[in-house]
1. Report which label in (1) 1.02; (2) 0.96; (3) 0.93 holds the value of Rg/Rh (Cα atoms, Kirkwood Rh) derived from the coordinates of this structure.
2. Just going by the charge dipole of region 14-290, with Lys and Arg at +1 and Asp and Glu at -1 on Cβ, which of ASN248, ASN192, ALA68 is farthest out on the positive end?
3. Can you tell which of GLY36, GLY114, GLY217 shows the greatest fluctuation in a Gaussian network model of the chain with Cα springs below 10 Å?
4. Å³ per residue of the Cα convex hull, for region 61-156?
5. With every protein chain present, what is the per residue accessible area of the chain (1.4 Å probe, Å²)?
6. When the accessible area of region 14-290 is computed with all protein chains present and a 1.4 Å probe, what percentage of it is carbon and sulfur?
7. For LYS132, give me every one of the lysines with a C-alpha distance below 20 angstrom, ignoring sequence neighbours fewer than eight places off in its own chain.
8. D for region 178-301, whole µm²/s, Stokes-Einstein with Kirkwood Rh over alpha-carbon pairs at 4 °C and 1.567 mPa s: what number?
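The values are calculated or read from the model by the stated rules, or taken from the named source; none is laboratory data. Just so it is clear, the model here is predicted, and its values are computed rather than measured. Don't worry about glycine lacking a Cβ; one is built from the backbone with ideal geometry, like all the others, and counts go over all protein chains shown. When the accessible area is computed, the model is the full protein with side chains, heavy atoms only, and any ligands, DNA or RNA have been set aside. Shrake-Rupley method; radii C 1.70, N 1.55, O 1.52, S 1.80 Å.
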Amino acid sequence: MGFPANGSSEKPLKFLIYGRTGWIGGLLGKLCESQGIDYEYGSGRLENRLSLESDIATVKPTHVFNAAGVTGRPNVDWCESHKVETIRTNVVGTLTLADVCRDKGLILINYATGCIFEYDASHPIDSGIGFKEEDTPNFTGSFYSKTKAMVEELLKNYENVCTLRVRMPISSDLANPRNFITKITRYDKVVNIPNSMTILDELLPISLEMAKRNLTGIWNFTNPGVVSHNEILEMYRDYIDSSFTWKNFNLEEQAKVIVAPRSNNELDANKLKNEFPELMSIKESLIKYVFEPNKKKTAAA
């Protein structure tokens with residue numbers, strides 16, 4: 001974590017953000033505005049080194065944020081049939097940006113994924129034993145996850161990169177189709193498996209603070225603990241729509257309607273919790289940041 005500090009009192013913060021059209025990238029811009037942080041979106045393509053160097057020369061940032069990447073539309077199954085496009089952005093692009101930032105002495109906050117693990121004999125479901133930052137990824141069921149695990153391994157060699165392992169992101173915006181809660185409320189059937197998840201309303205501000213502290217290395221970027229699909233849908237029913245119902249199916253049945261298997265795991269969030277003791281558990285965070293505010297909105301409506 002010993003990368004030279006930028007954004008000191010002599011040099012005010014200026015963030016360069018990639019991923020303007022993405023969900024997290026858009027939220028980062030709004031957060032910077034609300035905190036009075038000077039920021040600009042990058043216009044260069046990640047895989048085009050010259051365009052990244054041009055952005056950095058023009059913007060003169062203190063920190064760079066990468067929220068650009070291919071997750072696939074409508075879901076990661078897209079990556080199975082678009083492998084070169086997935087590699088171009090998720091591997092070539094991310095590595096190029098990290099390399100340019102290192103050349104320029106800049107920290108890169110990289111929003112990555114924790115969907116590179118799956119429950120195993122050493123990390124059984126419901127055991128409370130989560131995968132740690134230093135653990136080797138064990139899930140390669142989808143091409144998306146495979147590329148993400150590859151790039152994480154390579155980025156370990158870049159001392160200027162802060163890798164944030166995001167999982168099943170959730171926000172208070174229940175109209176957003178990328179929101180994990182919105183997704184599962186619209187499915188015909190859902191599996192019911194406890195997972196680590198990321199409440200963006202709580203964790204994205206923490207990522208800005210991590211940049212200010214010049215933190216680097218790999219971080220499990222999830223709220224502590226796990227929550228299952230059914231527990232979330234029960235909260236949704238209790239807080240948002242009392243008439244809401246859903247049906248479950250098992251992994252074998254799910255496999256018939258998806259192309260690539262999905263990752264299910266618990267990540268150990270102790271490293272993040274030690275740095276940010278105020279970090280709430282997943283169920284507390286869901287209620288405070290997602291369900292309580294939306295309950296008030298539905299009541300007002």
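1. Entry (2).
2. ALA68
3. So, out of GLY36, GLY114, GLY217, the one fluctuating most is GLY36.
4. Convex hull volume per residue, Cα atoms: 114 Å³.
5. Heavy-atom accessible area per residue stands at 45 Å².
6. 50 percent
7. Straight-distance partners of LYS132: LYS146, LYS148, LYS156, LYS271, LYS273.
8. Value of D from the Cα-based Kirkwood radius: 81 µm²/s.
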